[in-house]
Every structure is written in C-alpha cells, then in structure tokens.
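Trainee: Encoded as structure tokens, here's the structure I'll be asking about.
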Amino acid sequence: METIILIGFMGSGKSTIGRLLGEKLGQRVIDTDKEIVRQEGKSISEIFAEFGEARFRELETSVLKALPEYDTIVATGGGAPLKEMNRLVMKEKGIVIFLDAPADEVLLRLRDDHSRPLLKGNKEKEIRERLISRMPIYLETADIRIDTSGKTPEKITEELIASLKKRGQGHTC
Ligand code: S3P
C-alpha cells in the first residue's frame, strides 16, 4: 500500500489519526516531529530556541526525504508543507491527506498546551492568523481533504479509510 501522509494545522489530530490508521491498516506509523526529537536528542522547543525555525524545517525535510514509499502512515508537523521542497517530497512519497480542523476546535484542543513554540504569544491570534495563511497551502498540497469538524477520531479514521478505498488504496482493510 502507498504511504499515507497526514498534513494539517497543529492540533488537527494528525498524531492521533495516524496511530488509529496504523492500527486499523496494520501499517507502521512515523511521526516526523518525534523522529526529529529522537535524532537531535532535543525537544521541538529547544530546537526552535537554539537553532531557529529555518533549521527545524531543514530537519523536517531530511526526515521526509528518508520516508519509505510503501506501507507507512506518516504524521507530519503542521508547518511541514510551508516549504516547497517538503511539498514536493510529500507528493512524491505518497498520498497526502489534509485533516481540516476549524480554528475554534484547534484552540480548544491546544488550550492547555505549552509545547508548541509558534503558539507562545497570543495563542488565539497565532492560531487564527496562521490557519488562514496556511489554508491555501494545505489545500494545494493535499490529494484528499477530510473535514474533521465535530467528529471523533474513530469517525475521521473511518472516513479516511473510505476515501482511500474509493481511490483503490484500501484493499488491506
Ligand atoms: C509546527 C507544528 C508542530 C511542530 C512545530 C511547528 C507548525 O507539530 O512541528 O512546533 O509550524 O505548525 P504539530 O502539528 O504536531 O503540532
């Protein structure tokens, strides 16, 4: 089965859906943020603070380039598609799925989260503005868009599998 790459804003459920999809389809799951943390031996916040966002994006690119093209579910960081090279690599590596979540839900989910360096200031403003500016990029990069609004992770995973089946990618489930 072709590799499945989940993109979407912070808090859109990429890691949760990635794990559920991996379980349902019996595929390995790679979380690019976790991979970067493992390789660098530092948290995402430490990487941003010590080396800056540009360096973090480079690390993202090298993790994306090393992805297998088959039998893998990938949860990416919310900013991965911002870089053109990353968009190209993701499209080359597999089917790109955009988990579309409204700003209000993202805000609710990340209310008590302090781990995202890009949301350290005015969280609501950062979420709303970044989501608006990134939306065209997510839409342009994705092969499939899933509206996650008001849905449980199980429901989202079911819909995603149904979309993949329609594309002829769901034969293993
Ligand atoms: C980022 C999203 C984060 C992480 C980093 C930058 C972004 O991942 O990669 O903090 O630019 O949107 P999540 O989408 O898993 O929160």
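The values are calculated or read from the model by the stated rules, or taken from the named source; none is laboratory data. This is a predicted model, so every value here is computed, not measured. Neighbour counts run over all protein chains shown; Cβ positions are idealised from the backbone, glycine included. With ligands, DNA and RNA removed, areas are computed over all heavy atoms of the protein, side chains included. Shrake-Rupley method; radii C 1.70, N 1.55, O 1.52, S 1.80 Å.
Trainee: So which of Asn122, Asn86 ends up being among the polar types (S, T, N, Q) and open to solvent by 60 Å² or more (accessible area, probe 1.4 Å)?
Mentor: None of the other options fit; the residue is Asn122.
Trainee: In addition: Which residue, of Thr157, Thr148, Thr141, is more than 16 Å from the ligand (Cβ to nearest atom), touching a helix residue (DSSP H, G or I) at 6+ places or on another chain (Cβ under 9 Å), polar (S, T, N, Q) and open to solvent by less than 40 Å² (accessible area, probe 1.4 Å)?
Mentor: Answer to the check: Thr157.
Trainee: Determine which single condition Asp33 fails, assuming it passes every other condition in (1) part of a helix (DSSP H, G or I); (2) among the charged types (D, E, K, R); (3) farther than 21 Å from Thr148 by Cβ.
Mentor: The one condition Asp33 does not meet is (3).
Trainee: Considering only region 86-114, how many residues are under 24 Å from Ser43 (Cα atoms) and more than 16 Å from the chain's Cα centre (by Cα)?
Mentor: Residues flagged as under 24 Å from Ser43 (Cα atoms) and more than 16 Å from the chain's Cα centre (by Cα) within region 86-114 amount to 6.
Every residue, every condition in (1) touching a strand residue (DSSP E or B) at 6+ places or on another chain (Cβ under 8 Å); (2) within 11 Å of the ligand (Cβ to nearest atom); (3) assigned to a loop (DSSP other than H, G, I, E, B), yes or no:
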| position | (1), (2), (3) |
| --- | --- |
| Pro68 | yes, no, yes |
| Ile73 | yes, no, no |
| Gly77 | no, yes, yes |
| Met85 | no, no, no |
| Leu88 | no, no, no |
| Lys91 | no, no, no |
| Leu99 | yes, yes, no |
| Leu107 | no, no, no |
| Asp113 | no, yes, yes |
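Trainee: Does Lys151 meet the test of being assigned to a loop (DSSP other than H, G, I, E, B), modelled with pLDDT of 95 or more and not small (Gly, Ala, Ser)?
Mentor: When the stated conditions are applied, Lys151 passes them.
Trainee: Still on this structure: Does any residue of region 35-56 turn out to be near the ligand (Cβ under 10 Å from one of its atoms), open to solvent by 10 Å² or more (accessible area, probe 1.4 Å) and within 14 Å of the chain's Cα centre (by Cα)?
Mentor: No, that holds for no residue.
Trainee: Can you find a residue in region 8-18 that is in contact with a Leu (Cβ under 9 Å, 6 or more places away or on another chain), open to solvent by 30 Å² or more (accessible area, probe 1.4 Å) and assigned to a helix (DSSP H, G or I)?
Mentor: Checked region 8-18: at least one residue is in contact with a Leu (Cβ under 9 Å, 6 or more places away or on another chain), open to solvent by 30 Å² or more (accessible area, probe 1.4 Å) and assigned to a helix (DSSP H, G or I).
Trainee: Do we find that Ile146 is under 24 Å from Val89 (Cα atoms), not acidic (Asp, Glu) and not in a helix (DSSP H, G or I) in this structure?
Mentor: Answer is yes for this residue.
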